[in-house]
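For reference, the structure discussed in these notes is given below.
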Amino acid sequence: MKTNDSTAVPSVSVSYARNGSSKKSNELGMRVMQERAYEKRGEQYLLIKSPPASGKSRALMFIALDKLHNQGIKKALVVVPEKSIGASFNNESLIEHGFYWDWLVEPKWNLCNAPGEEGGKVKSVKAFLGSDDRVLVCTHATFRFAVDQCGVAAFDDCLIAVDEFHHVSANPDNKLGYHLGAFVARDKVHIVAMTGSYFRGDAVAVLAPEDEANFETVTYTYYEQLNGYEYLKTLDIGYYFYSGSYADDILKVLKPTEKTIIHIPNVNSRESTKDKIKEVEHIIDSLGDWRGTDPDTGFHLVEITGGKVIKIADLVEDDAAKREKVSSALRQPEAKTNRDYVDIIIALGMAKEGFDWVWCEHALTVGYRSSLTEIIQIIGRATRDAEGKTHARFTNLIAEPDAEEGAVTDAVNDTLKAIAASLLMEQVLAPKFNFTPKRKGSGPVEGYDYGEEGYNPNGTNVGFNESTGQFQIEISGLAEPKGKDAKRICQEDLNEVITAFVQDKNALERGLFDTETVPEELTQVRMGKIVKDKYPELDDQDQEAVRQHAIAALNLTQKGKEEGTDTGGGGSVGPEESGSSRAFVDGVRKYAMNVTELDVDLIDKINPFSEAYAILAKAMTEESLKQVAAAIAGKKISLTEEEARELATRAVKFKNDRGRLPELTAADPWEKRMAEGIAFLQRKVAEQNNG
């Protein structure tokens, strides 16, 4: 994406083939993801990882109905985080599309529609368990209270389907996670978990490793979903910096004619003016001349340049009656079928998870939100496919650090979080990597295109499967996962590992702003520690295999983005169309082919954050960038004992390979750093002996 504003730099720009595959249905009325999930309907514990709008709700209906009719399950309870999402599980006619049964929920058992307090709804859950009816829908909160009162055993022989599963946490204080752990331990229920973002903003695991090992996973990637659309062709994701009040600069990134959801900042955030009502009024006033409100919907009518009148839905309004009128209007069927029903939605805490407005072309968020998960959910509002909608974008408007305001540290933290979100989205949107060791006598994998060069038995090989959106890449020296869990992580969960890495402030700060940081400190030491902390049950060999696969996926995404674009700013990830070529695929292939043989040591020598810094340098003013660097340099800490031990571990491998220990006088910065780790531990031992 090109831009005229120097402060506006996209970090991700993606184009897709629009082959329509993700919207085609089979003879049972199932789309690709739903068919993939239904194939595993016999699993007791099933985890569906699939992006917004891919059809998770209906996939659950297919699976639940089969369990109720063919697998001996007595009842199905669908639990959702918010009442509004309960509408996704209303009655659905499936027989007319080829399935065996319809999805039917008695009105009294959709507790998301029921008035009253949680106590009354818990009584309804008890009544449902004792009735002959088979399907109930309720919120996470209602379900938690019901389990507290009824006990785990009351749900034996039931299916528990948890929507937006990332709300669960392995933290013992998370009641829903605690209850699910108890259900798995008792082993008397079936569980289907569904999420579009299987990671949490606080970096805490969703499930304990021993519980997660029980789940069979169905993965449907963003790449598959968006590549299979009919209309949406490009998606841009960027962070944009402003100074002063955001309301004064918002029109630099907000187009009045673009269908937009604006999320204004939380009143407690640095970006907020502390008066949310005036902020909304200022935005509306900046867009054009107010012409009153629509009596039926409550939408503001605003005449913009050129004479067109646009409709703005205000969900920030303090008057509960007015806000409910607008909210109710947005739930009407016409909001989904009529592109001109509403033009801009302004919200604070609403219109995020589960909110379905297919026409949304731009999700504009002011200030960093509370978590990466929230950003993923907000981006999902813009990635629906709709006729006439060819382009979508997400913009994160962030205040530049200002030394005068005395909050440089907060500004730095917001900036780092925005970069982390950008890096994560690059990974989520890219095709999937399948890495294998380079072996003598290996050959091309069926179904993969190896480009004009073809398969080269003596060099690097990069194959790409257009239909599945997967790379097949051989890497010399790559450690193979041996255990079942390690294989699953390398095949399904690398993005969760990368999420933890890009959320690591130490890694981000040092990788972006510390010129003395050796790349291997990030790729081996920091990533190694993250893998060990995240998967302590894996042995050393499997931990190293996971580390190598995760770093390879992250760094090849960065290199593919760098090689595959000439935008001069944000770069691109994904298959940028240029005739029949695809920039990201070509970028990965170009980088890999530029080396005689792609090996693990080479990948470990890439700083994963170098491209992010290049983007940041273009997005921020030079003075602000200096302030960020200075703030980070001011709290720079020396080597920790934990890091020294990890360096010493790497030094042992170095000795095994080279026949000698690393030397402090070495010219190679990584060898010198490993030697410093050994010296640090030797000093520690000496101090303890002398003490």
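The values are calculated or read from the model by the stated rules, or taken from the named source; none is laboratory data. Since the structure is predicted, the reported quantities are computational estimates derived from the model, not experimental observations. Cβ coordinates were reconstructed from backbone atoms using ideal geometry, including for glycine residues, and neighbour counts include every protein chain displayed. In case anyone asks, the SASA skips ligands and DNA or RNA and just uses the protein heavy atoms, side chains included. Shrake-Rupley method; radii C 1.70, N 1.55, O 1.52, S 1.80 Å.
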Hits in region 465-490 (condition: within 24 Å of Leu429 (Cβ to Cβ), surrounded by fewer than 18 Cβ atoms within 10 Å (Cβ to Cβ) and either touching a strand residue (DSSP E or B) at 6+ places or on another chain (Cβ under 8 Å) or aromatic (Phe, Trp, Tyr) (or both)): Asn465, Glu466, Thr468, Arg488
Restricting attention to region 265-299, which residues are hydroxyl-bearing (Ser, Thr, Tyr) and within 32 Å of the chain's Cα centre (by Cα)? Ser269, Ser272, Thr273
Return the total of residues in region 518-527 being open to solvent by less than 20 Å² (accessible area, probe 1.4 Å) and farther than 15 Å from Glu642 by Cα. 3
Test Asp236 against the stated conditions and say whether it is in contact (Cβ under 8 Å) with a residue 60 or more places away in the chain and more than 30 Å from Tyr38 (Cβ to Cβ). yes
Counting just the residues of region 145-160 that are in contact with a His (Cβ under 9 Å, 6 or more places away or on another chain) and assigned to a helix (DSSP H, G or I), which one comes out surrounded by the most Cβ atoms within 10 Å (Cβ to Cβ)? Val147
Going by what's in this entry, would Leu494 be described as within 28 Å of Ala612 (Cα to Cα), of a type in the set (A, V, I, L, M, F, W, C) and over 25 Å from the mean Cα position of the chain (by Cα)? no
Would you please list the contacts, defined by Cβ atoms under 8 Å and residues six or more apart or on different chains, that run from a residue in region 67-81 that is within 17 Å of Lys188 (Cβ to Cβ) and basic (Lys, Arg) to a residue that is open to solvent by less than 20 Å² (accessible area, probe 1.4 Å) and outside any strand (DSSP E or B)? Lys67/Ile73; Lys74/Leu68; Lys75/Leu68; Lys75/Phe128
Over region 243-252, the set of residues open to solvent by 10 Å² or more (accessible area, probe 1.4 Å) and either in contact with a Lys or Arg (Cβ under 7 Å, 6 or more places away or on another chain) or touching a residue at least 60 places away in the same chain (Cβ under 8 Å) (or both) is Ser243, Asp249, Lys252
Kindly provide the set of residues from region 654-668 that are more than 39 Å from the chain's Cα centre (by Cα), within 13 Å of Ile678 (Cα to Cα) and not in a loop (DSSP other than H, G, I, E, B), ordered by number. Lys655
Counting only residues that are touching an Asp or Glu at 6+ places or on another chain (Cβ under 8 Å) and of a type in the set (Asp, Glu), region 272-303 contains a total of 2
If Val585 meets every condition in (1) closer than 20 Å to Met527 by Cβ; (2) at pLDDT 80 or above apart from one, which number is that one? (1)
Here is a check on your reading of the model: is Ala631 over 30 Å from Ile237 (Cβ atoms) and assigned to a helix (DSSP H, G or I)? no
Those residues of region 254-276 which are open to solvent by less than 10 Å² (accessible area, probe 1.4 Å) and of a type in the set (Val, Ile, Thr) amount to Thr260, Ile261, Ile262, Ile264
Of all residues in region 234-244 being closer than 21 Å to Glu623 by Cα and either of a type in the set (A, V, I, L, M, F, W, C) or not in a strand (DSSP E or B) (or both), the one that is farthest from the chain's Cα centre (by Cα): Gly244
Would you check which residues across region 590-623 are among the aromatic types (Phe, Trp, Tyr) and open to solvent by 60 Å² or more (accessible area, probe 1.4 Å) and list them? Tyr613
What tally of residues in region 593-612 results from selecting those that are in a helix (DSSP H, G or I) and at pLDDT below 85? 3
Test set (1) at pLDDT 90 or above; (2) more than 24 Å from Thr640 (Cα to Cα) - Gln548 fails condition number: (2)
Just name the residue that is nearest to the chain's Cα centre (by Cα) out of those in region 133-144 that are at pLDDT below 95 and open to solvent by 20 Å² or more (accessible area, probe 1.4 Å). Ala141
Got a sec? Which of Glu576, Glu641 is under 26 Å from the mean Cα position of the chain (by Cα) and at pLDDT below 90? Glu576
Single residue of Ile48, Ile63, Ile73 found to be under 30 Å from Gln558 (Cβ atoms), in contact with a strand residue (DSSP E or B) (Cβ under 7 Å, 6 or more places away or on another chain), at pLDDT 90 or above and hydrophobic (A, V, I, L, M, F, W, C): Ile48
Check on Tyr231, modelled with pLDDT under 85 and either under 19 Å from Ala619 (Cβ atoms) or open to solvent by 10 Å² or more (accessible area, probe 1.4 Å) (or both): no
Listed by range, strands (runs of 3 or more DSSP E) wholly within region 279-397 having at least 1 residues that are open to solvent by 40 Å² or more (accessible area, probe 1.4 Å) and farther than 15 Å from His263 by Cβ are 289-293, 300-303, 309-314
Taking region 37-90 on its own, how many of its residues are among the small types (Gly, Ala, Ser) and over 23 Å from the mean Cα position of the chain (by Cα)? 5
